[in-house]
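Structure first, commentary second.
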Amino acid sequence: MSASAEYTEYVLELLEPIGPVRISRFFGGVGISHGLVQFAMIMGNSLYFVVNDNTRQKYEEAGMTAFSYATKKGRVQVRKYFELPEEVLTDAEKLRLWASESIQVAANTQKPIKTLHRTRQKRRAGYLSHVSP
């Protein structure tokens, strides 16, 4: 399920109108950030945007599903990320609007950097064992 270099380049070209973005690789996928905010990810040849309770509905109405992955205990859905509809991906204006919305959603749900830093320090010191940042 790793992201192909070709698809990643294609998506980055399409996202150029929203301004500079950077990528980070993780678990076979690619995270896409605008500033300090990760608002999208690529897994396989699918682009997923960050959603919230208010924006998720339009993805569902378009027939899109949440990112999911298989574990030994079954399938896990990550309802924070929904696949982007093809008709949005191929329409520059819609893509710009949906990306901007996703950036805003991600920025509003992101933990403050100080909180993340303190959590990591506590985990390293042994105070936390199973808390994710």
Check: What number of residues within segment 61-103 satisfy the criterion of being surrounded by fewer than 13 Cβ atoms within 10 Å (Cβ to Cβ) and of a type in the set (Asp, Glu)?
Finding: 4
Check: For segment 49-99, which residues satisfy the criterion of being in a helix (DSSP H, G or I) and touching a strand residue (DSSP E or B) at 6+ places or on another chain (Cβ under 6 Å)?
Finding: Tyr59
Next item on the list: Restricting attention to segment 12-32, report how many residues are free of Cβ contacts under 8 Å to residues at least 60 places away in the same chain, part of a helix (DSSP H, G or I) and surrounded by 12 or more Cβ atoms within 10 Å (Cβ to Cβ).
Entry: 1
Next item on the list: Identify, from the list Val51, Val105, the residue that is under 16 Å from Ile18 (Cα atoms), under 12 Å from the mean Cα position of the chain (by Cα) and β-branched (Val, Ile, Thr).
Entry: Val105
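Bear in mind these aren't lab numbers, they're just calculated from the coordinates by the rules spelled out. Predicted model, so just to flag it, every value in this text is computed and none were measured. Every residue, glycine as well, gets a Cβ built from its backbone with ideal geometry; the counts of neighbours run over all protein chains shown.
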